[in-house]
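Any read-out appearing in this document is the output of simple, stated calculations on the displayed coordinates, not a laboratory observation. Being a predicted model, the structure only gives us computed values, none of them experimental. So basically every Cβ, Gly included, is an ideal-geometry build from the backbone, and we count neighbours across all protein chains shown.
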Protein chains: 2
Amino acid sequence: VPGNEEVKRAVERYVATLGDDRAASIAELFAEDAVFEDPVGGDVRRGREAIRAFYESALGNQSVSSELITLRVSGGEAAFHFRLEVGGRIRIDIIDVMRFDDAGAITSMKAYWSPEDIVAL
Amino acid sequence: VPGNEEVKRAVERYVATLGDDRAASIAELFAEDAVFEDPVGGDVRRGREAIRAFYESALGNQSVSSELITLRVSGGEAAFHFRLEVGGRIRIDIIDVMRFDDAGAITSMKAYWSPEDIVAL
């Protein structure tokens, strides 16, 4: 289990990378065999390549800005509320839950949101 | 899997019950065989009686006020940020993740917080 400070840095890196980089860079933050569910209740994706494809499809070439709002770290896991603005058109506030390996790579992610949480800008 | 509205009502009931009622009433919101981890990384408790004992120990006869701040519902699960004030002495913001049965009873809860999140009032 990684320490709280390691987990905080990993979450901050994830949120910052959402905001300024593309799918391949985001996927690099995940462990090779990571498990990924976004949104919870949807398909469960496994592995870095499936995760890269998800972000490529979700974000494409749109501008993205991101902001970490509330982060809680507990027992080597993280739960955090963050805000995404995509393409200058929509905003969504999401609560993510993540686990990490000892190197700080994300081993699992669950994203809690539903279509009604999408706000048009 | 319960619907989003059912899950929202169940979370609102939980947060309201934290604020105005005692351990037995809170425990009634959980399924008989619920799994409970508060904080994540601590002991995993199983069953309504163990959950009742947890709240009895954590809250006792202290005054408690609670406020739901951000709720996300996805795939029949909930993740939410809420604020507790206990005994007029401390405040803590927690992110909880819950699952539910079809009747809206809580079947699992994981609470994300660490001692550094406790604020003296």
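Values as computed for the structure displayed
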{"read-out": "Volume of the Cα convex hull of chain A, divided per residue and given in Å³", "value": "91 Å³"}
{"read-out": "Charge dipole (debye, nearest 20) of the protein assembly as shown; +1 at Cβ of Lys and Arg, -1 at Cβ of Asp and Glu", "value": "240 debye"}
{"read-out": "³J(HN,Hα), Karplus 6.51/-1.76/1.60, whole Hz, each residue of the stretch A:2-14, x for Gly, Pro", "value": "x, x, 4, 5, 4, 5, 4, 4, 5, 5, 4, 5, 4"}
{"read-out": "Kirkwood hydrodynamic radius of the stretch B:57-121, from inverse mean 1/r over distinct Cα pairs, in Å", "value": "13.0 Å"}
{"read-out": "Vicinal HN-Hα couplings computed from phi for the stretch A:72-84 (Karplus, 6.51 cos²θ - 1.76 cosθ + 1.60; Hz; Gly/Pro x)", "value": "10, 10, 7, x, x, 10, 10, 10, 8, 9, 9, 10, 10"}
{"read-out": "With eigenvalues of the C-alpha gyration tensor scaled by 5 and rooted, the stretch B:1-62, Å", "value": "19, 16, 10"}
{"read-out": "Pseudo-label separations to other copies for residue B:24 - Cα-to-Cβ vector, 7 Å, nm", "value": "6.4"}
{"read-out": "Given charges at beta-carbon only (K, R positive; D, E negative), |dipole| of chain A in Debye", "value": "160 debye"}
{"read-out": "Where only C-alpha atoms are counted, convex hull volume of the protein assembly as shown per residue in Å³", "value": "121 Å³"}
{"read-out": "Chain A: most fluctuating residue of A:13, A:22, A:89 per GNM, C-alpha cutoff 10 Å", "value": "A:89"}
{"read-out": "Listed peptides B:77-84, B:26-33 by packing density, highest first (mean Cβ within 10 Å)", "value": "B:77-84, B:26-33"}
{"read-out": "Reachable lysines from residue B:8, criterion Cα separation under 22 angstrom, eight or more residues apart if same chain", "value": "A:110, B:110"}
{"read-out": "Degrees between helix B:48-59 axis and first principal axis of chain B (Cα, 0 to 90, nearest 10)", "value": "30 degrees"}
